[in-house]
Structures are given as structure tokens and as C-alpha cells.
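Student: The structure's right below; bear with me while I get my questions together.
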Amino acid sequence: MDAWIEFARGPLFRIALTVMVLGLGYRVVVTVAQIASAWYRAGDRRLPLSDITEATVKWIFPVRLLRTRPAYSAASFLFHLGVVLVPLFLIGHVALLEELLPTAWPVLPPLAADTFTVVALSALLVLLVGRVVSRSARVLSRTQDVVLLLVLFATLFFGFLGSNPTVSPVASRTMVLIHILLGDLVLVLVPTTRIAHCVLYPFTQLLFQLGWHFPAESGRHVAEVLAKENEPV
Amino acid sequence: MAIECSYYLEPVDTTDLAQRFLKAFAAILSHSNYAMVLDAACTVTSRCGRCTSTCPVYQTSNDPRDIPCMRSELLLKIYRRYFTPGGALRSRFGVPWELDEAYLNTMAEEYYRCTACRRCKLECPMGIDHGLITHLGRWVLAEVGIVPKALVVATREQLEGDTHNTSAIPKAALVDTCEFLEEDCVDEHGLKIEFPIDREGGEYVFFPAVSDYLLEPDTLTGNAAVMSATGGSWTIGTGAFDGINYGLFYSDRMLDRIVSMEADEVRRLGAQKILIGECGHASRSAKYFVRTFCGADDAPEVVNFMEYTLDAWKSGRLGLKKRAITERTTYHDPCNIARSGWIIEQPREILRHICVDYVEMTPNGRENYCCGGGGGTVSIDEIREFRTKVGGAVKAEQIRRTGAELVVAPCANCKKQLREVCEDHGLDHVRVVGLHDLVLLALDPPEHMVVRGDAAAGESSTEVRGEY
């Protein structure tokens with residue numbers, strides 16, 4: 001068992017982490033390049049930067065979020081809080097990272113980490129139920145939307161059992177192994193699924209605003225390609 | 001199969017329709033910034049359904065096809081399948097899917113059930129702009145001939161017809177109308193106004209929604225009265241005098257051509273600025289796309305008439321009587337000028353001054369609800385029931401709650417739609433007017449405008465007409 005755990009938290013983790021870092025790096029580089037290119041091509045390069053900044057910042061805080069569908073929104077906020085804080089600040093995770101690179105951030109006390117984990121798990125349940133109960137969310141949901149939530153739930157759940165042997169129904173080392181394997185899977189999924197918004201979020205409001213800033217020659221070029229320059233309306 | 005929608009279409013050539021759609025889509029993606037938008041939408045969408053809580057169409061219809069995210073998915077599915085490596089692989093080794101006419105028929109219907117009000121963007125944490133994706137989808141559809149007949153016929157007349165305006169008003173009729181309005185203003189209000197025609201070298205060239213010449217004489221008279229009172233340097237150009245721009249609703253190519261026509265008219269007349277009348281989409285299309293298509297910093301500046309009037313009043317060049325309007329009055333924010341935050345407070349400052357009983361709708365401003373006729377749908381008469389009973393239901397309830405008798409809607413499209421909404425929702429006591437209809441009634445005219453004698457009898461009308 002220990003050998004498997006060492007493999008999962010060693011080479012496998014490093015591969016998964018590398019995939020995540022490179023994948024997210026690629027996502028960011030491509031997105032920034034697209035934004036730069038779109039801005040360069042735009043006929044009107046003036047952008048309402050204060051509006052864009054405000055729209056970006058306001059969604060980080062839950063006040064705005066809670067105005068609509070409060071239960072679902074609160075769950076979403078708490079879930080995000082948990083999945084950001086626990087992976088980055090849990091003492092075990094920080095120790096694991098320190099084997100690869102120097103880390104200089106504080107760790108969560110075990111009780112706080114457990115609390116955040118339970119809160120995130122509860123929030124995930126609400127989100128899952130919301131996906132089923134809410135007609136619009138149910139209609140909209142793709143397989144990946146549900147599967148991702150289940151994978152994240154399982155990762156947190158087995159992690160919690162692994163770090164709390166007294167409440168674990170089976171050997172906690174088994175729980176730890178499952179947790180690490182799922183964690184490695186999540187790392188790979190981060191850049192390849194919608195979880196990529198963790199790094200793309202700062203750009204999205206800008207990007208969609210910039211989408212309205214068309215290249216000056218776009219219509220004429222399209223007409224040329226489609227041989228419609230002289231075609232009547 | 002033929003393409004069949006709830007709106008009228010000109011005959012659509014269905015030969016290789018899907019292939020032609022993909023070719024047009026590819027051409028647009030190559031020469032625009034839309035690929036960036038679609039890539040981001042594909043990546044970050046969480047399909048949470050928050051947009052359903054803000055869409056006035058979905059709130060009433062409760063029909064999943066009206067969920068903004070669902071509508072965008074129709075185009076995103078094509079994009080992923082044909083323009084991303086992952087989509088091509090999935091189709092080859094997973095679930096094969098090919099675009100066909102039936103799918104395009106669905107798109108054709110559903111992309112015109114959206115009023116393009118962009119309210120959904122406010123509630124999307126990722127800022128996904130379904131209005132922009134709908135705008136793109138409509139453009140691609142238009143390139144294969146799928147566009148409401150009402151929009152394309154009007155645009156054809158504006159760009160290539162003899163009259164160069166969407167209502168096909170001949171120049172002689174325009175001049176006659178202006179002369180009639182000048183005489184009518186003397187008779188009704190005892191005020192001398194002027195509509196300068198083709199006067200060169202002025203500051204502004206005026207572009208109202210051309211339908212105002214047929215349907216909104218009080219708005220136009222109010223515009224002219226403000227100009228006469230302030231000594232404004234303006235003119236109407238007979239080369240182009242229509243601010244309507246249906247290109248905003250279905251084709252960037254047409255959008256470009258129409259704003260370019262406006263800028264050319266300003267240059268022909270040696271003027272400096274474009275002055276847009278009371279019309280939301282005309283204002284937005286000029287404000288944001290004259291710069292895009294007509295030379296950025298070299299393009300003529302665009303001013304909305306309400307901005308001009310407020311500036312004139314605040315600087316003391318325009319006198320307005322306080323509390324001149326006695327009926328309970330509310331204000332409808334046209335999406336095209338309010339969603340960006342451009343024009344929200346300007347008309348309100350005037351209304352709070354001239355109205356005895358001004359009340360707000362809730363929500364308003366940037367978060368206003370669409371009248372239900374946005375995105376060009378107001379011009380499609382054959383879908384009136386959908387527009388008023390579905391698209392306009394939330395707005396009707398908003399108006400009802402204010403208890404207002406007057407709804408000020410500074411937009412030709414909103415006015416037409418709101419009158420129909422009021423009619424279809426039993427709000428018979430409500431009159432829908434323009435801001436300048438009320439400004440005209442509240443005007444404290446300078447001496448040079450006042451006509452004395454039998455014609456005017458020194459008494460001005462204070463009746464709000466509101467409908468013709």
C-alpha cells in the first residue's frame with residue numbers, strides 16, 4: 001500500500017502537476033495572445049477598463065452572487081472557497097509541494113482544514129442537487145458538469161477520511177491512496193476542462209467586451225472571401 | 001427541405017445550405033475576433049443556468065430553448081465540431097454529428113427569439129456575452145440568406161434603394177414633413193422652429209430613426225425646438241437621414257455600410273458630429289461602430305440628442321419649466337444605451353425637473369428589462385404575439401406596478417413595442433412618449449421663438465399626444 005501511495009504522490013503527482021502547469025500556462029498564453037491580437041485588429045481600441053475591472057472583481061465577492069438563486073449561489077461560493085483553500089494550504093499538501101519547490105505560505109490548522117473540507121463537501125452536494133432539481137440547470141447540464149462535481153466530491157471525501165482515521169470505515173491508508181489518485185486526476189483535468197477558468201477568469205470580462213470591438217475591415221474581407229463584394233443586399 | 005420560421009423569409013436557396021453556412025462561418029472567423037469569443041465560451045461555461053434568472057423571454061416562456069446558454073450552445077456546437085481539433089476528433093471517434101438543414105432551421109427560429117438585450121451577461125460570473133454570440137450566429141445565418149424579411153428589405157432600401165432610408169420616405173416627402181412640423185409647432189405651441197435641410201458647415205448632422213418622421217412628430221418637434229432655443233448648429237442631410245441600423249441585428253457587413261453612410265454624409269456636409277435622435281440601437285450602432293468602421297480617432301464624434309439637451313439645460317442655454325408635466329411619469333431605459341451605462345442619468349435629470357410625479361421602474365438603468373422588441377424583432381410584425389405576450393410580459397408588469405400614465409421611452413423601437421405591449425396587456429391608460437415630447441411641453445422658450453398673432457394666439461398646448 002505504502003509503495004502505491006509513494007508512487008501516486010511521487011512520480012504520478014509530478015506528471016499530473018506538470019500537465020496542469022503546462023496546460024494552464026498554454027491556456028493563459030493562448031488567451032493573452034488572442035486578446036492582444038483582437039485588440040490590435042480592432043477598429044476601435046478604446047475599452048471601458050473601469051467597467052471591465054468592476055465586473056471582474058464583483059464576482060469574486062459573494063454579495064452580488066447572492067442576489068440571484070441565493071442557496072445555489074452561496075453553495076457555489078463556499079465550494080470555491082474550500083477547493084481553493086484546502087488544496088493550497090493543507091499542511092500535507094504544502095509538505096508535498098515543498099519536496100518540489102520552496103513554498104512560502106502559511107498552512108491551515110487541521111481543524112480549519114477539516115471545516116473547510118466539510119463545508120465544501122456540503123456545498124458540492126447542494127450544487128449536485130441543484131443540477132438535478134433546477135429545471136434549467138438540469139436541461140443545461142452536460143455529462144462533464146456532473147462528473148466533474150462527482151470527482152471533486154470524491155477527492156475531498158476520501159481526503160477527509162484519509163486524514164481522519166477515526167471516522168474512516170476502512171483503512172485510512174486506502175482512503176489516502178484513493179484521494180491521491182483522484183487528486184492526480186483532478187490536476188490533469190484542470191487545464192482540459194472548464195476548471196481552466198481558475199486561471200482564465202481574470203480575462204473573461206475583458207475578452208467578451210473586446211469581442212464587440214470588430215476589426216475595421218472584417219465585413220469587407222468576409223465579402224471578398226464569399227465573393228459578395230458586388231452582390232446586392 | 002425549406003427553411004420555415006415564425007417570421008417571413010425571402011426565398012432561401014437550400015442547395016448545399018450546411019456547406020455554405022460552414023464556408024461563411026469560416027470566412028467570418030478568419031477575418032474577425034469571434035474565434036476568441038467562442039473559444040472562451042466553450043472553455044469556461046459552467047452551464048449553471050444563472051442566465052435564466054435574468055432573461056425576460058425565458059422568465060415568461062419557461063421554454064428551455066430560450067435559455068441564453070442553450071441558444072449559444074447551438075452555435076458553439078458547430079464551432080467545436082468544425083473549427084476545433086477536439087471536436088473533429090470526437091466526431092470521428094466518438095459520436096458522429098454533421099450539420100444539416102434541420103439544425104439550421106432550429107437556429108433560424110431560436111436566434112430571433114432573443115431580443116439581444118444582453119441582460120444575461122450581467123448575471124454570468126464568467127461574463128459570457130450571449131448577446132454577442134447571438135449577434136454572430138445571426139450574421140452567419142444571414143450570409144446564407146436566413147434573415148427576417150422585414151429587416152433585409154428595409155436594409156436594402158436604406159443601402160441600395162432610391163430613398164436611402166428604411167421607411168422609403170422620398171426626399172421631397174421629408175422636406176414636406178419638416179415644413180409641416182414647423183407649421184404645426186406654430187399652430188399647436190406658438191413656437192417658431194426650423195428643420196435646416198442640407199445646410200453645410202454646421203456642427204451636427206441629425207440622424208433620428210427615420211420612422212420618427214412618420215410616427216413621432218412630437219419627438220422631432222421637441223428636437224427642433226431644443227435646437228432653435230439653443231441656437232444649435234445642425235442640419236438634416238438629404239443624402240442620408242436615417243439613423244436606423246438593422247446591421248446591428250443581423251450582419252456586421254451591413255452595420256459597417258450603414259455607419260459608413262452616416263459618416264460620409266457628415267463629411268459631405270462639412271459638419272463635425274453625428275447627432276442621433278431618440279433611438280437606442282441607432283445610438284449604439286453609431287456611438288460604438290462609427291469609430292470601428294470609419295477611422296477611429298478620425299471618425300466623427302457621436303452625440304445622442306438627450307446628451308445635447310441635458311448639456312444645454314445645465315449650461316443655461318435651454319430653459320425648462322419646473323413641474324410642467326403633471327401626470328405620473330416613468331422612464332424606460334432602452335437596452336442599447338443603458339446596458340453599457342452610457343445614457344441612464346441624463347434623461348432622468350430632466351424628467352425629475354419637469355415632472356411633478358416621476359417614478360422609477362424596478363430594476364432600471366443598466367439592469368433594466370428589455371421592452372421585448374429588441375434585436376430587430378419589433379420590426380417583425382408577424383411575431384407580435386410573441387413579442388408582446390412573451391418578450392414584453394415582464395416589462396408590462398413593471399409598467400403596471402409604477403402606476404404611471406406616461407412612459408418615456410427615448411427609442412423608436414421601444415416606443416412601438418411598448419404601445420403594443422400596453423395594448424395587449426390591458427394598460428390602456430398608459431401613453432408612451434419620447435423625452436423630447438415632454439421637453440417641448442416644458443420648454444421655456446426664448447423670445448425669438450415665440451410667435452404672436454392669430455396663428456398661435458399666444459397659448460401653447462400642454463397636451464401629451466403620445467400616439468399617432
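Student: Please state which of the following conditions B:R323 fails to meet, knowing it meets all the rest: (1) assigned to a loop (DSSP other than H, G, I, E, B); (2) within 20 Å of B:H130 (Cα to Cα); (3) among the basic types (K, R).
Tutor: Failing condition for B:R323: (2).
Student: Pairs only if they're at least six apart or on different chains, beta carbon under 8 angstrom, first in the range B:201-223 and touching a residue at least 24 places away in the same chain (Cβ under 8 Å), second in a helix (DSSP H, G or I) and among the basic types (K, R); list them, first residue then second.
Tutor: B:S211/B:K416; B:L215/B:K415; B:L215/B:K416; B:E216/B:K415
Student: Also: Of all residues in the range B:245-278 being of a type in the set (S, T, Y) and out of contact with any Lys or Arg (no Cβ under 6 Å at 6 or more places or on another chain), which is surrounded by the most Cβ atoms within 10 Å (Cβ to Cβ)?
Tutor: Among them, the one singled out is B:S251.
Student: Identify the residue in the range B:232-254 that is in a helix (DSSP H, G or I) and within 17 Å of B:V153 (Cβ to Cβ) and, among all such residues, is farthest from the other protein chains (Cβ to nearest Cβ). Reasoning before the result, please.
Tutor: Residues of the range B:232-254 that are in a helix (DSSP H, G or I), as a first pass: B:247-250, B:252-254.
Keeping just the survivors that are within 17 Å of B:V153 (Cβ to Cβ) gives B:247-250, B:253-254.
Details: B:G247: 9, B:L248: 11, B:F249: 14, B:Y250: 11, B:R253: 4, B:M254: 7 Å.
Filtering first and then ranking leaves B:F249.
Student: Next question, about the same structure. Determine whether B:Y369 is more than 13 Å from B:C117 (Cβ to Cβ), more than 14 Å from chain A (Cβ to nearest Cβ) and either aromatic (F, W, Y) or surrounded by fewer than 17 Cβ atoms within 10 Å (Cβ to Cβ) (or both).
Tutor: Here the answer is no, as B:Y369 does not meet what is asked.
Student: Then there's this: Name the one entry in A:H221, A:H197, A:H213 that is within 14 Å of chain B (Cβ to nearest Cβ), touching a His at 6+ places or on another chain (Cβ under 8 Å) and surrounded by fewer than 22 Cβ atoms within 10 Å (Cβ to Cβ).
Tutor: A:H221
Student: If we scan the range B:180-194, do we find a residue that is over 22 Å from B:I274 (Cα atoms) and of a type in the set (K, R)?
Tutor: Within the range B:180-194, one or more residues are over 22 Å from B:I274 (Cα atoms) and of a type in the set (K, R).
Student: Determine which member of the set B:K287, B:K273 is touching a strand residue (DSSP E or B) at 6+ places or on another chain (Cβ under 6 Å), within 30 Å of B:A24 (Cα to Cα) and modelled with pLDDT of 95 or more.
Tutor: B:K287
Student: Got at least one residue in the range B:116-125 being out of contact with any His (no Cβ under 7 Å at 6 or more places or on another chain), crowded, with 23+ Cβ neighbours inside 10 Å and within 21 Å of A:G219 (Cα to Cα)?
Tutor: Scanning the range B:116-125 turns up no residue that is out of contact with any His (no Cβ under 7 Å at 6 or more places or on another chain), crowded, with 23+ Cβ neighbours inside 10 Å and within 21 Å of A:G219 (Cα to Cα).
Student: Also, I was wondering about something else. Of the residues B:G403, B:G453, B:G434, B:G426, which single one is surrounded by fewer than 24 Cβ atoms within 10 Å (Cβ to Cβ) and either in contact with an Asp or Glu (Cβ under 6 Å, 6 or more places away or on another chain) or at pLDDT below 95 (or both)?
Tutor: B:G453
Student: Step by step: first the residues of the range B:331-363, then only those that are out of contact with any Lys or Arg (no Cβ under 9 Å at 6 or more places or on another chain) and closer than 25 Å to B:C124 by Cβ, then the one that is nearest to the other protein chains (Cβ to nearest Cβ). Which residue is that? Give the derivation first.
Tutor: Here is the first cut: in the range B:331-363, the residues out of contact with any Lys or Arg (no Cβ under 9 Å at 6 or more places or on another chain) are B:343, B:345-348, B:350-352, B:363.
Next, from what is left, pick out any that are closer than 25 Å to B:C124 by Cβ: B:343, B:363.
Details: B:I343: 14, B:P363: 10 Å.
Filtering the range B:331-363 for residues that are out of contact with any Lys or Arg (no Cβ under 9 Å at 6 or more places or on another chain) and closer than 25 Å to B:C124 by Cβ, the one nearest to the other protein chains (Cβ to nearest Cβ) comes out as B:P363.
Student: Another question, if that's okay. Do we find a residue being away from chain A (no Cβ under 13 Å), in a helix (DSSP H, G or I) and at negative phi anywhere in the range B:120-131?
Tutor: no
Student: Do we have any residue at all in the range B:134-149 that's part of a helix (DSSP H, G or I), touching a residue at least 60 places away in the same chain (Cβ under 8 Å) and touching a strand residue (DSSP E or B) at 6+ places or on another chain (Cβ under 9 Å)?
Tutor: Scanning the range B:134-149, I find at least one residue that is part of a helix (DSSP H, G or I), touching a residue at least 60 places away in the same chain (Cβ under 8 Å) and touching a strand residue (DSSP E or B) at 6+ places or on another chain (Cβ under 9 Å), so the answer is yes.
Student: Can you tell me which residues in the range B:1-54 are more than 11 Å from chain A (Cβ to nearest Cβ), among the polar types (S, T, N, Q) and assigned to a loop (DSSP other than H, G, I, E, B)?
Tutor: B:S6, B:T14, B:T15
Student: Looking at (1) under 20 Å from the mean Cα position of the chain (by Cα); (2) under 26 Å from B:Q417 (Cβ atoms); (3) among the small types (G, A, S), which is the only condition B:G161 fails?
Tutor: (1)
Student: Return yes when B:A172 is more than 19 Å from B:A209 (Cα to Cα), of a type in the set (A, V, I, L, M, F, W, C) and away from chain A (no Cβ under 14 Å) and no when it is not.
Tutor: Considered against the rule, which asks whether it is more than 19 Å from B:A209 (Cα to Cα), of a type in the set (A, V, I, L, M, F, W, C) and away from chain A (no Cβ under 14 Å), B:A172 comes out as no.
Student: Name every residue in the range B:296-311 that is in contact (Cβ under 8 Å) with a residue 60 or more places away in the chain and assigned to a helix (DSSP H, G or I), in order of residue number.
Tutor: B:F305, B:M306, B:Y308, B:T309
Student: Search the range B:99-126 for residues that are more than 15 Å from B:P68 (Cα to Cα) and pair each with any residue that is of a type in the set (D, E, K, R) when their beta-carbon atoms are under 8 Å apart and the residues are at least 6 apart or on different chains.
Tutor: From the range B:99-126, the pairs are B:L99/B:R81; B:N105/B:E4.
Student: Looking only at the range B:313-341, how many residues end up being basic (K, R) and touching a His at 6+ places or on another chain (Cβ under 7 Å)?
Tutor: The total comes to 1.
Student: Hey, can you tell me all the residues within the range B:260-285 that are within 12 Å of chain A (Cβ to nearest Cβ) and either under 14 Å from the mean Cα position of the chain (by Cα) or touching a residue at least 40 places away in the same chain (Cβ under 8 Å) (or both)?
Tutor: Result: B:R284, B:S285.
Student: Answer yes or no as to whether A:G183 is in contact (Cβ under 8 Å) with a residue 40 or more places away in the chain and either within 14 Å of chain B (Cβ to nearest Cβ) or surrounded by 19 or more Cβ atoms within 10 Å (Cβ to Cβ) (or both). Don't jump to the end; show me each part of the working.
Tutor: Working: in contact (Cβ under 8 Å) with a residue 40 or more places away in the chain: yes; either within 14 Å of chain B (Cβ to nearest Cβ) or surrounded by 19 or more Cβ atoms within 10 Å (Cβ to Cβ) (or both): yes.
Yes, satisfied.
Student: Next question. For residues that are acidic (D, E) and loosely packed, with under 14 Cβ neighbours inside 10 Å, tally how many sit in the range A:11-70. Break it down stepwise before answering.
Tutor: Within the range A:11-70, the first condition is being acidic (D, E), and the residues that meet it are A:44, A:51, A:54.
Going one step further and asking which of them are loosely packed, with under 14 Cβ neighbours inside 10 Å, we end up with A:54.
Total meeting the criteria: 1.
Student: Which of the residues belonging to the range B:8-54 are touching a strand residue (DSSP E or B) at 6+ places or on another chain (Cβ under 9 Å) and surrounded by fewer than 20 Cβ atoms within 10 Å (Cβ to Cβ)?
Tutor: B:Y8, B:L9
Student: Another question, if that's okay. Has the range B:55-77 got at least one residue that is of a type in the set (S, T, N, Q) and at the interface with another protein chain (Cβ under 7 Å from one of its Cβ atoms)? Spell out the reasoning first.
Tutor: Here is the first cut: in the range B:55-77, the ones of a type in the set (S, T, N, Q) are B:59-62, B:72.
Subsequent filtering for residues that are at the interface with another protein chain (Cβ under 7 Å from one of its Cβ atoms) retains none.
No - not one qualifying residue is present in the range B:55-77.
The values are calculated or read from the model by the stated rules, or taken from the named source; none is laboratory data. Keep in mind that what you see is a predicted model, and the values were worked out from it rather than measured. No Cβ is skipped: glycine too gets one built from the backbone with ideal geometry, and neighbour counts run over all protein chains shown.
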